[in-house]
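The values are calculated or read from the model by the stated rules, or taken from the named source; none is laboratory data. If you're wondering where the values come from, they're calculated on a predicted model, not measured in any experiment. All Cβ positions, even for glycine, are placed from backbone atoms using ideal geometry, and neighbour counts span all protein chains on display. For the accessible areas, the whole protein counts, side chains as well, though only heavy atoms, and no ligand, DNA or RNA atoms are used. Shrake-Rupley method; radii C 1.70, N 1.55, O 1.52, S 1.80 Å.
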Amino acid sequence: MKPNDSIEVVKNIGRTRADELKKLGIETVEDLIEYYPRDYEDRSSYVPVGEAEAGKINTIRGRVAASPDARRMRTMTVVSAGIADKSGTIECVWFNQPYVKNQLTAGREYSFTGKVVEKYGRLQMESPDYEPVNENSLNTGRIVPIYTVPKKMSQKVIRGCIKNAMDSVEGTLEEYMPNRIVKKHNLCDRAFAVRNIHFPESDSAFFKARRRLVFDELLFLQLHLLELKGNICGKKSNIAINKYNDKEIRKQLGFELTRSQEKVLCEIKADFKTGSVMNRLIQGDVGSGKTALAMIAAYIVISNGYQAVLMAPTDVLANQHFKSFIEVFEPLGIKCELLTSGLRKKERDRVYDNIATGCAKMIIGTHALIQDRVEYNNLGLVITDEQHRFGVRQREMLSNKGDEPHVLVMTATPIPRTLALILYGDLDISIIDELPPGRKKVDTFSVDHSYYQRLYAFIKKEVSKGRQAYIICPMIEENDKTELRSVLNYTEELDRNILPELRVSCVHGKMKNDEKQIIMEEFEKGNIDVLVSTTVIEVGINVPNASLMIIENAERFGLSTLHQLRGRVGRGSEKSYCVLVSDAKSKVAKERMSIMCKTNDGFVISEKDLKLRGPGDFFGTRQHGLPEMKIANLYKDIEILKEVQGTAIDLYNHDRELNSVENSLLKAKIFNIFTTKIKKICL
């Protein structure tokens, strides 16, 4: 049997089970043996039957005292069997599992793992896992793997399927890692790692296996990203930048750049001078001044005879950027155009013409910028805002509209350095770690719903001062299955009963683009006192007069999202506040709320977010054209990542195409991952 054979060749996997496994993305034998456990249970220590503890999971070992009994009780079948050892006897019961009666043989010894409860004055073990005592136990008497399984498949079944798959490739599993790397980093061999990640022989064997597989996963990713970076950053630029005078635009901006902004601007100018395509990420906290740097970079490119384009993730944000660029650029004689899907045909055709003829020098828009109909005259700079809202393909599609234009990417989502190296491994990273003078700290509080009356009074107080407020809800409409606040119902409740004297309106993702734009313009003009919204206002919205942010069901949002939402206030000269409303009692939820109240530092928050949620959930690595990590955890595995990065750079420098004999199997493995898997993600 070969690793790339269909899973249906594995013993005990028929069409039905194969279909269930395919729901998990498992299609080949190799997919199955590389489907790693999400957790483990230690069932290796046996408890004497007479010492089994109520309320706990116990593992016991004993003989079936007599043939199991099966009886019908109303709507269920109950199977029971007495299990005995030298210390005593305990009854095991199974509900609606009639087949158990025929699987247990009187007098035979089995191991059982299950919860022990006290009923009718005696102990019993409910629905335990069981299997005959032998050296090949998978489900009891050992450290047992726990998998994410589809509804129609049990842990016991998937363990058996994986064991059968491993047995089928025993002795034929290729070692793709070059021997010198295995020796240098003291890695165990691949076959040992796969076997012991599923069914560890010991704690020591498990940790060796995990280290090897984490090393592999991170190395594949780093090599792929180095290839991406080499393909992009190694390209010669056809954009000739000779003029760097930015005095006029600095004067038009009307403020001095911070030291951090000046440092990043120097990095951008240095990129322009290299003769290669710039491919740079500007990462900075909310309000750190990334857009000002984008404006200066665009001004320099335009001054040298080229066009610049900025792509934003939403119509609302694109419109806001358009207004900002008009205010700065048009007094300098630079024509700006806005292109979004919400434009009427006549207006859209006019914009197309102005872009194609070169009349429009600065173009701002959404995904509409990458449509086939759009033809640029002489594109020199591509800027994408809030990069995590776009995929790699979208960024590439926009870049392909020009002749190797420079690329500048911005994000206000602070990302831990290690995660940034993974997500943006194809970009050079600049960090703005300083806020402009005058930005005030937003005081943050966490309360439960008993504070409602005080919150409503607080809203009225802020509005009476001439300020405005946001209220964020996790849902647009009510749902019978949850008690979460919804935008539509809460807006109506506030408008009619709670705050009838105030001007309350709402905005959400299901509204038409022009409707959203009208609402945001009215809020910006001060004609709306309270704006109820979903996270559609999370990024880039700038209303300096808004001083209060209330976030309902705050436990439903990630820390980075909460931080982004909080960044919508505190943008003016007045003191601003953020109130997190949550009734959640869990330790993790309370810790997350506490973090938000203690710090306004987005980078500290992002580190905590990574620790609590893990990299897979940080903001969805799949949209970046990268696979989800099966086993590596960037918060826990930083030291391994450092080892891997050095190894990847060394490999890349000495054998960029991995064409040598010793690297050939490694190359084939990486090709398999980043073609068959990534193709599904990017389509």
Set Asp85, Asp69, Asp129: member being within 40 Å of the chain's Cα centre (by Cα) and charged (D, E, K, R): Asp129
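What number of residues within the stretch 457-487 are under 16 Å from Ile528 (Cα atoms) and within 34 Å of the chain's Cα centre (by Cα)? Walk me through how you get there before you give the answer.
Initial filter on the stretch 457-487 (under 16 Å from Ile528 (Cα atoms)): 459-472, 487.
Of the ones still in play, those that are also within 34 Å of the chain's Cα centre (by Cα) are 459, 468-472, 487.
Here the count works out to 7.
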Residue check: is Lys345 of a type in the set (D, E, K, R) and touching a Lys or Arg at 6+ places or on another chain (Cβ under 8 Å)? no
Criterion: of a type in the set (Gly, Ala, Ser) and farther than 24 Å from Arg496 by Cβ - qualifying residue of Ser446, Ser450: Ser446
Do we find that Thr444 is at pLDDT 70 or above and open to solvent by 10 Å² or more (accessible area, probe 1.4 Å) in this structure? yes
Hey, any hits in the stretch 13-20 for a residue that's open to solvent by 70 Å² or more (accessible area, probe 1.4 Å) and in contact with a Ser or Thr (Cβ under 7 Å, 6 or more places away or on another chain)? no
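Tell me the residue from Lys525, Lys460 that is open to solvent by 50 Å² or more (accessible area, probe 1.4 Å) and in contact (Cβ under 8 Å) with a residue 12 or more places away in the chain, please. Spell out how you get there, then give the answer.
Working: Lys525 fails: in contact (Cβ under 8 Å) with a residue 12 or more places away in the chain.
Within the list Lys525, Lys460, the selection yields Lys460.
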So Tyr46 fits all but one of (1) of a type outside the set (Asp, Glu); (2) open to solvent by less than 70 Å² (accessible area, probe 1.4 Å); (3) touching a Lys or Arg at 6+ places or on another chain (Cβ under 8 Å); what number is the exception? (2)
Which of (1) farther than 20 Å from Val407 by Cα; (2) open to solvent by 20 Å² or more (accessible area, probe 1.4 Å) is the odd one out, the single condition Lys235 does not satisfy? (1)
When you check Arg159 against the structure, is it crowded, with 21+ Cβ neighbours inside 10 Å, at negative phi and among the basic types (Lys, Arg), yes or no? yes
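From the residues in the stretch 127-142 that are of a type in the set (D, E, K, R) and modelled with pLDDT of 90 or more, which one is most open to solvent (accessible area, probe 1.4 Å)? Walk me through it before giving the result.
Start the filter on the stretch 127-142 by keeping residues that are of a type in the set (D, E, K, R), which leaves 129, 131, 135, 142.
Going one step further and asking which of them are modelled with pLDDT of 90 or more, we end up with 129, 131.
Working: Asp129: 42, Glu131: 22 Å².
Out of the qualifying residues, it is Asp129.
Just one of Glu8, Glu34 is surrounded by 17 or more Cβ atoms within 10 Å (Cβ to Cβ) and acidic (Asp, Glu); which is it?
Working: Glu8 fails: surrounded by 17 or more Cβ atoms within 10 Å (Cβ to Cβ).
Going through Glu8, Glu34 in turn, just one is surrounded by 17 or more Cβ atoms within 10 Å (Cβ to Cβ) and acidic (Asp, Glu): Glu34.
Restricting attention to the stretch 233-254, report how many residues are more than 36 Å from the chain's Cα centre (by Cα) and modelled with pLDDT under 90.
Pass one, the stretch 233-254, residues more than 36 Å from the chain's Cα centre (by Cα): 240-252, 254.
Then drop every residue that is not modelled with pLDDT under 90, which leaves 240, 254.
Of the residues in that region, 2 qualify.
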I need the helices (runs of 4 or more DSSP H) fully contained in the stretch 161-268, keeping only those with at least 2 residues that are more than 22 Å from Leu658 (Cα to Cα). 190-198, 203-233, 247-253
Can you pull out the residues in the stretch 250-275 that are within 24 Å of Lys236 (Cβ to Cβ) and surrounded by fewer than 18 Cβ atoms within 10 Å (Cβ to Cβ)? Cys266, Glu267, Lys269, Ala270, Lys273, Thr274, Gly275
Among strands (runs of 3 or more DSSP E) entirely inside the stretch 1-83, those with 2 or more residues being under 21 Å from Lys156 (Cα atoms) are 39-42, 57-64
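Looking only at the stretch 530-568, filter to residues that are in a loop (DSSP other than H, G, I, E, B) and without any contact (Cβ under 8 Å) to a residue 60 or more places away in the chain; which one of those is most open to solvent (accessible area, probe 1.4 Å)? Spell out the reasoning first.
Within the stretch 530-568, the subset in a loop (DSSP other than H, G, I, E, B) is 534, 538-545, 552-553, 557-558, 567-568.
Now narrow it down to the ones that are without any contact (Cβ under 8 Å) to a residue 60 or more places away in the chain: 538, 544.
Details: Glu538: 18, Pro544: 69 Å².
So the residue we want is Pro544.
Please enumerate the residues belonging to the stretch 301-324 that are closer than 27 Å to Phe523 by Cβ and touching a strand residue (DSSP E or B) at 6+ places or on another chain (Cβ under 6 Å).
Listed by number, the residues that qualify are Leu310, Met311, Ala312, Ala318, His321, Phe322.
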For Glu327, work out the one condition from (1) within 22 Å of Gly358 (Cβ to Cβ); (2) surrounded by fewer than 23 Cβ atoms within 10 Å (Cβ to Cβ) it doesn't fulfil. (1)
Lys184 vs (1) over 27 Å from Leu219 (Cβ atoms); (2) surrounded by 12 or more Cβ atoms within 10 Å (Cβ to Cβ): all pass except (1)
Please determine whether any residue of the stretch 63-82 is within 25 Å of Thr148 (Cβ to Cβ) and open to solvent by 40 Å² or more (accessible area, probe 1.4 Å). no
Tally the residues that are of a type outside the set (A, V, I, L, M, F, W, C), part of a loop (DSSP other than H, G, I, E, B) and at pLDDT 95 or above, restricting the search to the stretch 334-357. 1
Any hit, the stretch 303-311, residues being within 30 Å of Leu562 (Cβ to Cβ) and open to solvent by less than 40 Å² (accessible area, probe 1.4 Å): yes
Pair list, Cβ under 6 Å, 6 or more apart: the stretch 186-198 residue without any contact (Cβ under 8 Å) to a residue 40 or more places away in the chain and within 20 Å of Tyr40 (Cα to Cα), other residue assigned to a helix (DSSP H, G or I) and of a type in the set (Phe, Trp, Tyr): Asn196/Phe206
Considering only the stretch 109-126, state which residues are open to solvent by 20 Å² or more (accessible area, probe 1.4 Å) and under 42 Å from the mean Cα position of the chain (by Cα). Lys115, Val117, Glu126
Step by step: first the residues of the stretch 390-408, then only those that are in a helix (DSSP H, G or I) and open to solvent by 20 Å² or more (accessible area, probe 1.4 Å), then the one that is modelled with the lowest pLDDT. Which residue is that? Val392
